[in-house]
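Note sheet for the following structure.
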Amino acid sequence: MNGSSSTLPRPVRERRRWTWLFRPNPLRRRTDKLQAAALAFCALVGAAAVPLVTLLALHVHRTTDADLHAAQQGATQTIATTTGTGRSPLGSSGPASPTVAAPARWTTTTGDLRTGMIQVPADTPPGTNQQITITSDGRYLSKAPAHGSTVVIPIVLGVTMLSVALLTCTLIYGAITSLLNRHRAAAWDTAWEDLARTSAN
């Protein structure tokens, strides 16, 4: 019993279908070759998207970091004078806010007069002077730029673009596989009909 049982063949583990698509097989149909080519193409595009998205994210990081450095280097303080009453961008029905946007004018370091919206305390009357921060070209800075944005923005952009690329490849491969399966099913139906007619004759 023990000797005979040891000579029994072991069950062969079934290989995955996608590996069968690439193995030489005289029974492989043209649709199988097309499915293998679609899988290889989508996998190649997905693999190529990783370094491309990484390079784009690094470029965005360098650009935002350079803009942040330039803004911090050229930022100066000046006095702005409000020319109107502050109003909340949320409207009268929105929640109360300690600061609101108000029209104002200020002078740049080169002596040019600029106008725009600045953040002021609520109920600030027109003609109120307030110290603000402006860039080297005279633009108003509502708040100091954060270093975290130079890291968060590229990461979010990279993850989003990579997810979109992989999802697109998956959907394309799924659509191609669905069309090929329909073609196989139609071919099988035709073959069974031909066999039925041949058997009847």
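The values are calculated or read from the model by the stated rules, or taken from the named source; none is laboratory data. What you are looking at is a predicted structure, and each value in this text was computed from that prediction instead of being measured. All Cβ positions, glycine included, derive from the backbone under ideal geometry; neighbour counts span all protein chains shown. Side chains included, ligands, DNA and RNA excluded: accessible areas come from the protein's heavy atoms. Shrake-Rupley method; radii C 1.70, N 1.55, O 1.52, S 1.80 Å.
Structure notes:
- Val152 passes every criterion in (1) out of contact with any helix residue (DSSP H, G or I) (no Cβ under 7 Å at 6 or more places or on another chain); (2) more than 30 Å from Val45 (Cα to Cα); (3) modelled with pLDDT under 85 apart from (2).
- Condition met for Asp123 (open to solvent by 60 Å² or more (accessible area, probe 1.4 Å), without any contact (Cβ under 8 Å) to a residue 40 or more places away in the chain and at positive phi): yes
- Within region 64-111, being at pLDDT 70 or above and assigned to a loop (DSSP other than H, G, I, E, B) holds for Ala75, Thr83, Gly84, Thr85, Gly86, Pro98, Thr108, Thr109, Thr110, Gly111.
- Annotation note: Cβ proximity below 8 Å between a residue of region 180-200 that is at pLDDT 80 or above and a residue that is hydroxyl-bearing (Ser, Thr, Tyr) and open to solvent by 80 Å² or more (accessible area, probe 1.4 Å) (sequence gap 6+ or interchain) occurs for no pair.
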